[in-house]
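Since every read-out is calculated from the coordinates, none of them should be taken as a lab result. Since we're looking at a predicted model, the values are computed, not measured. No Cβ is skipped: glycine too gets one built from the backbone with ideal geometry, and neighbour counts run over all protein chains shown.
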Number of protein chains: 2
Amino acid sequence: MSAPKILDLGSLKHACKSCSLHDLCLPLGVSDDELQLLERIINRKRPLQRKDHLYRPGDRMTSIYAVRSGTVKTYTLTDDGQEQITGFHLPGELLGLDAISDGIHPCAARALETTSICEIPFDRLEELSVRIPELQHQLFRIMSREIQTDEHFMMLLGKKASDARLAAFLLSLSSRLGIRGFSRTEFNLTMSRNDIANYLGLAVETVSRLFTRFQGAGLMQVRRKLITIYDLDGLHTVAGIHPVGEDLRGHCNNGQCNPGKSPMD
Amino acid sequence: MSAPKILDLGSLKHACKSCSLHDLCLPLGVSDDELQLLERIINRKRPLQRKDHLYRPGDRMTSIYAVRSGTVKTYTLTDDGQEQITGFHLPGELLGLDAISDGIHPCAARALETTSICEIPFDRLEELSVRIPELQHQLFRIMSREIQTDEHFMMLLGKKASDARLAAFLLSLSSRLGIRGFSRTEFNLTMSRNDIANYLGLAVETVSRLFTRFQGAGLMQVRRKLITIYDLDGLHTVAGIHPVGEDLRGHCNNGQCNPGKSPMD
DNA sequence: CGTATGATTGACATATTTCAAGGTCTGTGG
DNA sequence: CCACAGACCTTGAAATATGTCAATCATACG
């Protein structure tokens with residue numbers, strides 16, 4: 001089908017609330033009218049199957065995307081053809097922001113499992129942002145947060161040892177899933193050990209050993225893909241983050257700082 | 001409003017062209033009128049002296065900044081109080097974009113030498129962006145570019161050996177200076193070895209040794225702060241970027257491929 | 001079932017850090 | 001102007017975290 005199914009507004013609005021554009025519209029005073037305008041430009045795409053590409057490096061960028069459900073990894077190829085993963089994108093997160101600059105996707109985006117996606121044509125989003133200043137502001141905020149997250153990640157790669165990296169990675173997943181209403185302590189790794197290692201700049205073997213070590217230390221249980229975290233604070237300590245020290249909320253590199261729970265489950 | 005000294009438009013426009021907001025206005029069809037509007041909100045700040053802070057972590061963010069001349073480093077503090085440098089900002093580059101999200105600076109910004117800065121109040125820039133869609137677009141592009149650069153840097157930290165990191169760093173400086181009209185092959189490092197090491201996730205000693213090695217290999221000359229690059233292509237090769245043909249001499253992840261001794265003594 | 005893919009584990013290699021020392025430059029105060 | 005202190009940089013030797021290589025094991029999948 002060329003034209004994606006048109007959804008009635010009520011459900012779409014709900015969709016945005018629980019799903020992805022949460023970030024885009026909700027945290028600010030976007031009126032219902034404006035919300036409708038926004039929703040009207042959003043397309044739902046047919047779900048991606050595992051290993052399907054959403055886009056590839058060099059593709060023309062026309063839209064940005066929000067993950068509704070599933071997981072997407074983004075990666076580039078190094079000059080010698082190796083894959084370098086630049087991020088994992090969970091439900092409610094945007095991707096494609098790195099392509100605005102050139103209008104060409106520098107990365108590939110690929111589903112790690114069956115994944116549904118909302119597509120937001122960027123030119124229309126820009127038009128709308130001119131008409132809805134709050135939306136423009138929110139877009140700036142989202143991109144800024146991405147930059148902040150990236151900086152944080154650089155610190156991880158530049159300064160932290162392997163165990164701290166893996167711990168921080170797990171905590172990041174935990175927190176991001178938690179924000180969307182999933183369990184913070186029990187979840188499935190949708191990416192392979194290889195992907196994790198690649199992302200964290202480590203060897204697969206190192207990641208594997210660390211999992212066993214963390215498990216041995218009673219921090220968590222690892223059964224294949226299934227992670228059960230027993231000791232979040234302990235993981236924080238390994239990650240070199242002081243968990244209780246008042247400031248975990250203050251930073252909250254993930255946005256969503258409001259203590260209020262995600263509305264849906 | 002304590003309008004800082006009003007500069008005549010001619011000189012300001014010239015200032016923007018040669019200086020910093022080049023990126024912001026020139027590459028697109030911003031009319032003279034619009035350019036004037038933009039220029040009117042920009043303040044020149046009194047020059048920073050070496051080690052002066054432009055802002056500190058936790059400071060309220062009200063403006064973004066463009067480096068007119070000089071160098072600024074931005075850094076965060078890790079949880080255990082160590083400094084982690086997140087970037088060096090050369091003339092013509094913007095900083096503070098990571099603070100839009102929270103309205104609070106997550107990083108500190110500090111001058112590495114006498115530095116002059118333009119300040120752009122962000123709320124006014126946003127207002128203007130609503131009125132000048134091309135400006136909004138350009139801002140999105142700039143932020144997107146930043147994200148892209150960060151992704152690239154992650155790859156460096158995650159995948160590249162120390163020599164490739166340093167080579168890439170030098171090439172980045174070279175290219176960025178070149179863009180602004182400075183020499184690509186001869187420049188001063190305004191940052192200490194310590195800063196470089198910190199930024200690249202290496203030990204100072206490693207950086208020092210690499211400099212000697214690069215010098216011994218005839219890639220460049222290092223005299224204290226003064227860098228003279230003799231072989232840009234060679235540096236590209238070390239950095240793992242194939243500038244032209246691909247000749248990596250087999251495996252050689254180490255820059256010094258000769259199994260014998262390092263060419264220097 | 002048997003083959004392919006991914007994960008784990010061990011032994012070994014090595015790039016980079018750490019530790020320690022000495023060298024060089026720069027600014028300062030006598 | 002010189003001497004000195006302190007910061008910065010370089011160099012060497014030893015320590016180590018992590019990568020590489022190789023073998024085995026578990027799981028998924030046709």
Of the cross-linked pairs A:Lys45/B:Lys160; B:Lys45/B:Lys160; A:Lys73/A:Lys225; A:Lys73/B:Lys160; A:Lys51/A:Lys160, which ones have a Cα-Cα span greater than 28 Å in the structure shown?
A:Lys45/B:Lys160; B:Lys45/B:Lys160; A:Lys51/A:Lys160
So the FRET efficiency between A:Ser69 and A:Ala161, C-beta based with R0 = 56 Å and rounded to 0.05, is 0.95
How many nanometers, to one decimal and shortest first, lie between the label point of B:Pro133 and those of its other copies, if labels sit 7 Å from Cα toward Cβ?
1.8
Expressed as a whole number, the average count of other chain Cβ atoms within 10 Å around the Cβ atoms of A:135-144 is 6
With labels modelled as points extended 7 Å from the Cα through the Cβ direction, what inter-label distance (nm, one decimal) is found for A:Arg40 paired with B:Gln82?
5.4 nm
Other chains' Cβ within 10 Å of B:117-129 residues: what's the mean?
1
If the label for A:Gln82 sits 7 angstrom from Cα along the Cα-to-Cβ line, what are its distances to the same label in every other copy, in nm to one decimal, shortest first?
2.2
Using only the alpha carbons of the range B:96-233, what is the convex hull's orientation-averaged projected area in square nanometres?
10.0 nm²
In cubic angstrom, how much convex hull volume per residue do the alpha carbon atoms of the range A:116-184 span?
118 Å³
Label point 7 Å beyond Cα along the C-beta direction, distances from B:Thr228 to other copies (nm, shortest first)
6.7
Protection proxy (average C-beta count within 10 Å per residue), highest first, orders B:223-236, B:204-217 as B:204-217, B:223-236
Within a 10 angstrom radius of each residue's Cβ in A:106-116, how many Cβ atoms of other chains show up on average? Whole number is fine.
1
